[in-house]
Amino acid sequence: MSFRALSTILAATLTVAAAAPPNAAMGRAAIDRALANPARAKDRQQDARRHPAELVALAHPARGQRVLDLIPGGGYWTRIFSGIVGPTGHVYAVWPTA
């Protein structure tokens with residue numbers, strides 16, 4: 001597995017929980033709302049390849065949590081996680097330095 005592929009998976013699954021994980025129905029509704037956000041219009045063409053709903057569901061993100069997006073690239077995952085954690089949460093998009 002390439003470093004880029006691994007970083008994409010980590011970005012989608014690595015969260016720092018600030019609250020208990022939500023129940024599955026609440027989590028899925030938040031993911032669906034984040035994916036339907038009009039600000040993601042140009043990202044949707046990548047959704048079939050990246051499977052964001054399935055990958056994000058593994059992390060159980062919820063409103064108010066803090067999420068680490070490691071090597072965020074163009075912000076694809078950052079926009080999704082931001083929509084889920086909302087204004088009371090925080091997404092840290094980090095590019096490590098050499």
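Quick notes
- Each residue of the range 44-59 was assigned a 3J(HN,Hα) from its phi angle through the Karplus expression (A = 6.51, B = -1.76, C = 1.60, θ = phi - 60°), giving 4, 5, 8, 4, 5, 7, 8, 6, x, 4, 5, 5, 5, 4, 4, 8 Hz with x at Gly and Pro.
- Residues whose placed amide H lies under 5 Å from that of ALA93, excluding near-sequence neighbours: ASP69
- The simple Förster model, with R0 at 35 Å and r as the Cβ-Cβ distance, assigns ALA48 and TYR92 a FRET efficiency of 0.80.
- Using 0.36 nm per residue and subtracting the Cα-Cα separation, the extra length available between ILE71 and ARG28 on full extension is 13.0 nm.
- Computed 3J(HN,Hα) for the range 70-75, one whole-Hz value per residue from the Karplus formula 6.51 cos²θ - 1.76 cosθ + 1.60 where θ = phi - 60°, is 7, 6, x, x, x, x, glycine and proline marked x.
- Carbon + sulfur, % of accessible area of the range 19-98 - ligands and nucleic acids excluded, 1.4 Å: 62
- Close amide H partners of ARG66, meaning residues 5 or more places away or on another chain with modelled amide H under 5 Å apart, are VAL16, ALA18, HIS90.
The values are calculated or read from the model by the stated rules, or taken from the named source; none is laboratory data. Remember, predicted model here, so these are calculated numbers, not experimental data. Using ideal geometry, Cβ is built from the backbone for each residue, glycine included, and neighbour counts are taken over all protein chains shown. Remember, those area values only see protein heavy atoms, side chains included, never the ligands or the DNA or RNA. Shrake-Rupley method; radii C 1.70, N 1.55, O 1.52, S 1.80 Å.
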